[in-house]
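K.L.:
Below are the structure tokens for one structure; questions will follow.
Please treat every number below as a calculation from the coordinates, not as lab data. Worth saying up front: this structure is predicted, and the values here are computed from it rather than measured. Please note: Cβ atoms are built from the backbone with ideal geometry, for glycine as well, and neighbour counts cover all protein chains shown.
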Amino acid sequence: MTIKLELLLAELKKEVTEKRYQHSLGVVESAKELAERFMADQEKVIVAAFLHDYCKNWPKARLSEIIKENQSEMPPDLLVYNNELWHGPVAALVAKNKFSINDEDILNAIKYHTSGREKMSQIEKIVCLADYIEPSRVYPYVEQLRAKAKEDLNCALLLAFTSTIEYLEEKNEAIYPLTLDARNYLAKQCGEE
């Protein structure tokens, strides 16, 4: 795979706010550390981490239009759920079409970084978890999550998804089925059913 990271950085900077750009750099750093710790393909992890939020600052109308135009490549119920889930699948489509990325591991890591899913690959898990724990993140359980990430990738993600689900329940918001599937699958992996 020969993807020029300088090009990705330059293109990312054009598409996101400075705050989102800094967040993305933090995700890349956290993802690199996790890839090293859990012996994953660093290049795949870095590319996915750079592009995971590529479309995050796009207007909802633009994201919605792209999802409707590309139904065959999107989760079928995506538009029914919170628009915070939309940017990942759209960014995966952009990565494929604009940057000619065809590696399924990279595309799935981008696509599912907010929702998760059952049977995530190691690359998917690392990018998703890096998004939760990158250095600028501040929320009640982030230090616990960072500590868990040093021990066990699956159990750290289980904590992340469980906390997200609890947060959404407190706000009386719908929980995306893929997130529930991911949480339940990881609970089995961690022996915490």
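K.L.:
Under 10 Å, Cα contacts only: if you run a Gaussian network model on the chain, which one of Asn102, Asn172, Asn82 comes out with the highest mean-square fluctuation?
P.N.:
Result: Asn172 has the largest fluctuation of those listed.
K.L.:
Moving on to the next point. Of (i) 0.96; (ii) 1.20; (iii) 1.03, which one was derived for Cα Rg over 2.2 N^0.38 Å from the structure shown?
P.N.:
(i)
K.L.:
How compact is the stretch 13-74 by the rule of thumb for globular proteins, expressed as Cα Rg over 2.2 N^0.38 Å? Before the final figure, lay out the partial values.
P.N.:
Numbers: Rg = 14.2 Å, N = 62, 2.2 N^0.38 = 10.6 Å.
Output field value: 1.34.
K.L.:
Can you give the FRET efficiency for Lys98 and Lys60, using 1/(1 + (r/R0)^6), R0 = 22 Å, r = Cβ-Cβ distance, to the nearest 0.05? The partial results should precede the final answer.
P.N.:
On the way: r = 20 Å, r/R0 = 0.92.
Working from the Cβ atoms, E equals 0.60.
K.L.:
Ordered by residue, what ³J(HN,Hα) values in Hz, to whole numbers, does the stretch 162-174 give under the Karplus form 6.51 cos²θ - 1.76 cosθ + 1.60, where θ = phi - 60° and Gly and Pro are x?
P.N.:
4, 5, 5, 4, 4, 4, 5, 5, 4, 8, 6, 9, 5
K.L.:
Only helical DSSP H runs with n ≥ 4 go in: add -39500 (n - 2.57) per run for the chain, normalise by residue count and round the 222 nm mean residue ellipticity to 500 deg cm²/dmol. Before the final figure, lay out each step's value.
P.N.:
Working: 10 runs with 123 residues, N = 193.
One gets -20000 deg cm²/dmol as the mean residue ellipticity at 222 nm.
K.L.:
Could I ask something else about it? Near Ala61, within a Cβ-to-Cβ distance under 14 Å, what is the net charge of the other residues, with Lys and Arg +1 and Asp and Glu -1?
P.N.:
Values: positive: Lys60, Arg62, Lys68; negative: Glu65, Glu69.
Counting the neighbours of Ala61, the net charge comes to +1.
K.L.:
For the chain, what is the relative contact order in percent, using Cα pairs closer than 8 Å and at least 6 residues apart in sequence? Before the final figure, lay out the partial values.
P.N.:
On the way: 250 pairs, mean separation 40.5, N = 193.
Relative contact order here is 21 percent.
K.L.:
Next question. Compute, for the chain, the length of the dipole vector about the Cα centre, with Cβ point charges of +1 (Lys, Arg) and -1 (Asp, Glu) only. Units Debye, rounded to 20.
P.N.:
Working: 25 positive and 32 negative charges, 89 e Å.
Charge dipole, the chain, about its Cα centre: 420 debye, nearest 20.
K.L.:
Let me check I've understood the local charge: for Val47, count other residues with C-beta under 11 angstrom from its C-beta, Lys and Arg +1, Asp and Glu -1. What total comes out?
P.N.:
Working: positive: Lys4, Lys44; negative: Asp41, Glu43, Asp103, Asp105.
Every neighbour counted, the sum reads -2.
K.L.:
Which net charge results when you count Lys and Arg as +1 and Asp and Glu as -1 among the other residues whose beta-carbon is under 12 Å from that of Glu73? Provide the component values of the computation, followed by the final result.
P.N.:
Numbers: positive: Lys68, Lys96, Lys111; negative: Glu69.
Summing Lys and Arg as +1 and Asp and Glu as -1 gives +2.
K.L.:
Additional query: Putting +1 on Lys and Arg Cβ atoms and -1 on Asp and Glu Cβ atoms, find which of Ser163, Pro140, Pro89 reaches farthest to the positive end of the dipole of the chain.
P.N.:
Pro89
K.L.:
Taking the alpha-carbon centroid of each part, what is the distance from the stretch 164-193 to the stretch 72-89 in angstrom?
P.N.:
Using only Cα atoms to place each centre, the spacing works out to 17 Å.
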